[in-house]
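Novice: Attaching a single structure in structure tokens format; questions to follow.
The values are calculated or read from the model by the stated rules, or taken from the named source; none is laboratory data. Bear in mind that the values here come from a model prediction, so they are computed numbers and not experimental data. Cβ placement follows ideal geometry from the backbone for every residue including glycine, while neighbour counts extend to all protein chains displayed.
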Amino acid sequence: MASVISVGDESLRLCVFDLRRGQTEGQELDKILFFHPPELDVSTQLSVIGLSEGAIWRIDALRRVLKEVHSLFVMFHGSVRALLEKEPTGGLTRAQLYPFIADYLSTFQKRSRSEDCCCDLFVGKKLQLPNFRETTLSERGTVQMLTLARDTALEVQSLVQVLDSCAGNLRCHSMILFQDLLVSTTLSADDTVNLFTFTVMRLTSKALSSDASSWSYLRKGSGSSEVSSRSTSAPVGSVDSLHSGNGDNMLHVIRPLQHDKWKKGKDGFLVTDIWGLETGGSPDSAIPTVWLQQTQERVYLLAYQYKSLTLLLLLPTTAILNGDLSISAVKQQVIEQASLRIMKIEEKISRGWGGENAYHVKGYRYLVVDNDMEISRASPSGKVATLAKESLLALNKLREEVDLEKSRAQKKEKDLEICIRAKNNAWVIARVSRGKELYMALEKASDTLLDATDAVGRFSNRYCSGAFLMD
């Protein structure tokens, strides 16, 4: 289990614990797998765990943060339960969790005041909750798609087929991003979300540029000094060299979310030393591997980049280990068979790309979520930042109301509409219909409720194929 508890001094305690452990008197500390801040005394940590065991979640956005870091951890290291079964003392699990969560949290950097739409999770020694500006019109656990012209979409489809052929007769998967927007994927929805999140965090051209200003909800940064100095090693049962989640040999603990560890090679492929080399010195052992939920297999992750286009190719590790395929051969095939297509597609998309405000709709601040496809689209963060504080607070209340209604429905699909008049006379409106959700803020003070609902209807017709029209 994972939990976040607020205390009187407004700081936050973040903990990961296993309720099956530490049930014997004197061994209570054994149930703690991760705790922030780690320097707190044992009695305080145990008291927080006690509160967490009975806590009830009230903030859906925070739950999504915890779900995201858990999904990423499983993708790289495997499930926490499997790690505990593999090494019952918990030393391996702690050694993996501490640096991983610390590296994840260091991603969140305070943006410039002009953007004013994101807060730093670390302020001094305190771990802060994301603020309402960050969570009202964004949705974690989803991907943001790039809309393509028909001819470009056909070229992308052809490229995907070429990438698949680069692995010969073996089955492989691919994903393509333009900047931090998804262009194509052959993965399941869950695997797509996990790899998309990681790619935006560490692999895109913006993530690789230390001075880039990403407009996605994820941001590249150097990390907090508090994280690097205090939270990257486990104080209890820490180990320097244990079985890694990427194999069965004795390995150093990998940190896949570390900053500034990826660079583009001369051949266009991204390289990193995070995974190091196994004892045998096999070159393939230094290549990143991830776990796919849908196929329940571990695959090699190859990343190729040309300007703003990033491609991921996923190859089953069993095929490489069995000698059916070599990584170097696949890379050569990509360069020979796909590189010209990649250049052409990147240039074509770039010419038609409207920039950071491409999906801005004048007069609207919106978020559209397709829960079935795990896709979302929203007003650019810079535009959301122009909303008045009263509008943002009303949006936050609106989302809490929708979360409450959804929990009452107990996963049964229920169409609903909620309208709230903010203190500044703005209208904030939510509509939920057949697995899709629309959240909107309209700040034209003279609008009546009828005007506002008509505006939502026009938006639905033009941009959502009428998905949110109410009878």
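Novice: Do we find that Ser391 is of a type in the set (Gly, Ala, Ser) and surrounded by 20 or more Cβ atoms within 10 Å (Cβ to Cβ) in this structure?
Specialist: Working: of a type in the set (Gly, Ala, Ser): yes; surrounded by 20 or more Cβ atoms within 10 Å (Cβ to Cβ): yes.
Yes.
Matching residues to (1) at positive phi; (2) aromatic (Phe, Trp, Tyr); (3) under 27 Å from the mean Cα position of the chain (by Cα):
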site	(1), (2), (3)
Gln333	no, no, no
Leu393	no, no, yes
Trp427	no, yes, no
Arg431	no, no, yes
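Novice: Only one of Ser158, Ser138 is of a type in the set (Ser, Thr, Tyr) and surrounded by fewer than 18 Cβ atoms within 10 Å (Cβ to Cβ); which?
Specialist: It is Ser158.
Novice: Right, something else. Being closer than 16 Å to Arg399 by Cβ and crowded, with 17+ Cβ neighbours inside 10 Å narrows it down to one of Ala441, Ala455, so name that one. Outline the logic, then answer.
Specialist: Values: Ala455 fails: closer than 16 Å to Arg399 by Cβ.
Criteria check complete, one pass: Ala441.
Novice: Can I ask one more? Checking the conditions here, which among Glu405, Glu413 is part of a helix (DSSP H, G or I) and not assigned by TED's automatic domain parsing to the domain that holds Thr185? Don't jump to the end; show me each part of the working.
Specialist: On the way: Glu413 fails: part of a helix (DSSP H, G or I).
On inspection, the qualifying residue turns out to be Glu405.
Novice: Against the definition (outside the structural domain of Ala167 (by TED's automatic domain parsing), at pLDDT 90 or above and not hydrophobic (A, V, I, L, M, F, W, C)), how does Ser379 come out, yes or no? Explain how you work it out, then say what you get.
Specialist: Values: outside the structural domain of Ala167 (by TED's automatic domain parsing): yes; at pLDDT 90 or above: yes; not hydrophobic (A, V, I, L, M, F, W, C): yes.
The answer is yes for Ser379.
Novice: Which ones in segment 268-290 are at pLDDT 75 or above, in a loop (DSSP other than H, G, I, E, B), more than 16 Å from Leu311 (Cα to Cα) and hydrophobic (A, V, I, L, M, F, W, C)?
Specialist: Selection gives Ile274, Trp275.
Novice: Which number in (1) part of a helix (DSSP H, G or I); (2) among the aliphatic types (A, V, I, L, M); (3) at pLDDT below 90 marks the one condition that Val200 misses?
Specialist: Condition not satisfied by Val200: (3).
Novice: With respect to the numbered conditions (1) in contact with an Asp or Glu (Cβ under 8 Å, 6 or more places away or on another chain); (2) surrounded by fewer than 16 Cβ atoms within 10 Å (Cβ to Cβ); (3) hydroxyl-bearing (Ser, Thr, Tyr), which one is the sole condition not fulfilled by Ser465?
Specialist: With (1) in contact with an Asp or Glu (Cβ under 8 Å, 6 or more places away or on another chain); (2) surrounded by fewer than 16 Cβ atoms within 10 Å (Cβ to Cβ); (3) hydroxyl-bearing (Ser, Thr, Tyr) applied to Ser465, the lone miss is (1).
Novice: For segment 370-388, which positions are closer than 25 Å to Leu195 by Cβ and surrounded by fewer than 21 Cβ atoms within 10 Å (Cβ to Cβ)?
Specialist: Selection gives Asp370, Asn371, Asp372, Met373, Glu374, Ile375, Arg377, Pro380.
Novice: If we scan segment 423-434, do we find a residue that is in contact with a strand residue (DSSP E or B) (Cβ under 6 Å, 6 or more places away or on another chain), small (Gly, Ala, Ser), assigned to a strand (DSSP E or B) and not assigned by TED's automatic domain parsing to the domain that holds Ala189?
Specialist: yes
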